[in-house]
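Read through the structure below, which is laid out as structure tokens, and then see the notes.
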């Protein structure tokens, strides 16, 4: 009798864990790469280029070239993602703590638009 109860309990448990067979679909996510839906805020292009020349070009060279760091044009990153990388660093790139917050915001929006 004891084996029967264990078997019944195990069957009930496995049936309950099995679900109803409907597979839930993962919701679509917008990764910010669609030009029609991706919005970049307003930025000062001249100031962004100046900041890039002073703080980025040593490692990243020209926007389409890259150097020790990758090319930064057409990177498919949102301005928020770029901002995070500038502020916190990533991989071998150190955080760019010498930049003011407004410089980081301006530069990240400009880079996202390249």
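The values are calculated or read from the model by the stated rules, or taken from the named source; none is laboratory data. These numbers come from a predicted model, not from an experiment. Here the Cβ positions follow ideal geometry from the backbone for every residue, glycine too, while neighbour counts run over all protein chains shown.
So which of 112, 61 is surrounded by 15 or more Cβ atoms within 10 Å (Cβ to Cβ) and without any contact (Cβ under 8 Å) to a residue 12 or more places away in the chain? Give the steps one after another, and end with the answer.
On the way: 112 fails: without any contact (Cβ under 8 Å) to a residue 12 or more places away in the chain.
Just a single option satisfies the conditions, and that option is 61.
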**OP:** Only residues that are over 14 Å from the mean Cα position of the chain (by Cα), closer than 21 Å to residue 44 by Cβ and either at pLDDT below 95 or assigned to a helix (DSSP H, G or I) (or both): list them for the range 73-108, please.
**Re:** 73, 101, 102, 103, 104, 105, 106, 107
Original post:
Among the residues of the range 71-84, which ones are surrounded by 14 or more Cβ atoms within 10 Å (Cβ to Cβ) and more than 15 Å from residue 107 (Cβ to Cβ)?
Top reply: 71
